[in-house]
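Where a number appears in this text, it was derived from the coordinates with a stated rule and is not lab data. Just so we're clear, the structure is a prediction, and the values are computed from it rather than from any experiment. Ideal geometry is used to build each Cβ from the backbone, glycine not excepted, and the neighbour counts take in all protein chains shown.
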Amino acid sequence: MEAPNAVELKAVTKRYDELVAVNNIDLTIQTGEIFALLGPNGSGKSTTLKMLLGLVQPTAGSVTVLGLDVQKEPVAVKQQVGYVPESPSVYEFLTGIEYLDFIADIYGVPPAEKQQRINEYLKALQLEGREGDMINSYSDGMKKKLSLISAFLNKPKLLILDEPLNALDPRSARIAKDLFHQLKLQGVTTILSTHVLEIAEAVCDRIGIMYQGNILALGTINELREKASLPSSGLEDIFLKLTGTGDLKPVVEELLR
Ligand SMILES: Nc1ncnc2c1ncn2[C@@H]1O[C@H](COP(=O)(O)OP(=O)(O)O)[C@@H](O)[C@H]1O
Ligand SMILES: [Mg+2]
């Protein structure tokens, strides 16, 4: 039997009173894809990711994850998904290793595998040697790494990562990217959000550009470039220039012309 799509959003809207955070989006992500939601702050990326986990209830529409209706089977979905929130709240009063042990136990990772898996990821993400330190002594990047490890521990089928590479230095970001690709080879689907085109381009098979709650363009980076009919470097330059500061609207309008 063919695997179901990893994610299917149909006509999904999320309103907060008057504000439309996500506006009637349709989105299908296939099993094994690495997919990025790319857009400026406030465009609805985090809200979309939270709806995939059942952490936010859609105002309208249907959300299917790994073949399951998220509203009907939120626990079954969460058991198969690894999630890294935008600002992970890791328990500051634990050491790194205590935290990872705790998370692995919650997921029911078999004790024989637990230590090995934790050690592999600590090593891969270069936290080895710091796992005995209190989390409140960690940098933001180290906390992000810890949160990534905790999302990987359960061998999830789907990773939902909200701005996963933000606090990481370039070398660590590179290691994280390599990990996503290794997991892809094992059939893991990864959905991440970012406001940095460079990240989306370097890591992802397909990109959805979000703006004001809408998915304005969807495709591989080459397809998006073709849509924009810009020279190959043009799109990247424009995006990078806008990163973190300006408004994405002109870029998006350019893309959709
Ligand atoms: N809990 C909430 N209550 C009210 N408004 C919210 C809430 N969460 C998000 N929003 C609003 O929804 C819009 C989209 O937010 P968000 O999904 O966090 O965007 P992004 O992740 O792309 O920066 C923003 O205008 C934000 O202020
Ligand atoms: Mg966000």
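Counting other Cβ atoms within 10 Å as a rough exposure proxy, the listed residues F93, F152 run F93, F152 from fewest neighbours to most. Using the Karplus relation 6.51 cos²θ - 1.76 cosθ + 1.60 with θ = phi - 60°, the per-residue 3J(HN,Hα) values for the stretch 62-77 come to 10, 10, 10, 10, 6, x, 10, 6, 4, 5, 8, 10, x, 5, 4, 5 Hz, with x marking Gly and Pro.
Taken over the C-alpha atoms, the stretch 88-155 has Rg and Dmax values of 10.7, 30 angstrom.
For M51, M134, M142, M210, what's the fewest-to-most ordering of other Cβ within 10 Å of each Cβ? Could you put the intermediate results ahead of the total?
Numbers: M51 26, M134 14, M142 21, M210 30.
Fewest-to-most Cβ neighbours within 10 Å comes out as M134, M142, M51, M210.
Note on E128 and D26: their simple-model spin labels are 4.9 nm apart, each label 7 Å out from Cα toward Cβ.
Taken along its principal axes, the alpha carbon cloud of the chain reaches lengths of 55, 40, 40 Å, longest axis first.
Taking the centroid of alpha carbons for each part, the stretch 147-197 and the stretch 46-70 are 20 Å apart.
Between Q182 and Q57, what's the calculated FRET efficiency when r is the beta-carbon distance and R0 is 35 Å? Round to 0.05.
Numbers: r = 34 Å, r/R0 = 0.96.
The value I calculate is 0.55.
Tell me, what is the FRET efficiency for Q115 and E198 to the nearest 0.05, using R0 = 41 angstrom and their Cβ-Cβ distance as r?
Details: r = 36 Å, r/R0 = 0.88.
The computed FRET efficiency comes out at 0.70.
Note on Y91 and D169: the model spin-label points, each 7 Å out from Cα along the C-beta direction, lie 2.9 nm apart.
For the chain, adding -39500 (n - 2.57) for each run of n ≥ 4 DSSP H residues and dividing by the number of residues yields -12000 deg cm²/dmol at 222 nm.
Note the angle between two axes, namely the Cα long axis of helix 170-185 and the longest principal axis of the Cα atoms of the chain, as a number of degrees from 0 to 90, rounded to the nearest 10. With both axes taken from Cα atoms, the answer is about 90 degrees. Among A200, A176, A60, the residue with the largest mean-square fluctuation in a Gaussian network model of the chain, with springs joining Cα atoms closer than 10 Å, is A60.
Sequence-distant contacts, meaning Cα pairs under 8 Å at least 6 residues apart, place the relative contact order of the chain at 25 percent.
Under 5 Å between amide hydrogens, built in the peptide plane, is the criterion, and for T31 it picks out A6 among residues at least 5 positions away or on other chains. Along the axis of the charge dipole computed for the stretch 88-155 (Cβ charges of +1 for Lys and Arg, -1 for Asp and Glu, origin at the Cα centre), the listed residues A112, N154, L100 are led at the positive end by N154. Each of T28, T189, T48 was scored by other Cβ atoms within 10 Å of its Cβ. Listed from fewest to most, they are T28, T189, T48. Oblate is the label for the stretch 1-106, because the ratio a/c of its alpha-carbon gyration tensor axes (a ≥ b ≥ c) is 1.5 or higher and a/b is not greater than b/c. For the stretch 38-129, trypsin sites (Lys or Arg not before Pro) are listed when DSSP marks them as loop and at most 13 other Cβ atoms sit within 10 Å of their Cβ; the list is K72. Give the angle, between 0 and 90 degrees and rounded to the nearest 10, that separates the Cα long axis of helix 96-107 from the longest principal axis of the Cα atoms of the chain. That helix lies at roughly 80 degrees to the long axis.
Among P74, P85, P111, the largest mean-square fluctuation in a Gaussian network model of the chain, built with springs joining Cα atoms closer than 10 Å, belongs to P111.
If the only charges are +1 at each Lys and Arg Cβ and -1 at each Asp and Glu Cβ, what is the size of the charge dipole of the stretch 88-155 around the Cα centre, to the nearest 20 debye?
Numbers: 8 positive and 10 negative charges, 51 e Å.
Charge dipole of the stretch 88-155: 240 debye, to the nearest 20.
Note on the chain: dipole from Cβ charges, positive end direction compared against Q212, P170, M51; the farthest Cα belongs to M51. Given +1 at the Cβ of Lys and Arg, -1 at the Cβ of Asp and Glu and no other charges, the dipole of the chain around its Cα centre is 200 debye to the nearest 20.
Could you pull out which residues in the stretch 138-171 have an amide N less than 20 Å from a spot 7 Å beyond the Cα of A76, following the Cα-Cβ vector? Output list for this probe position: 155-160.
Strictly over 27 Å apart at the Cα level, which of K78/K114; K10/K177; K45/K123 would you flag in this model? Exceeds cut-off: K10/K177; K45/K123. Between L52, L192, L179, the Gaussian network model of the chain with springs among Cα atoms under 10 angstrom shows the greatest mean-square fluctuation at L179.
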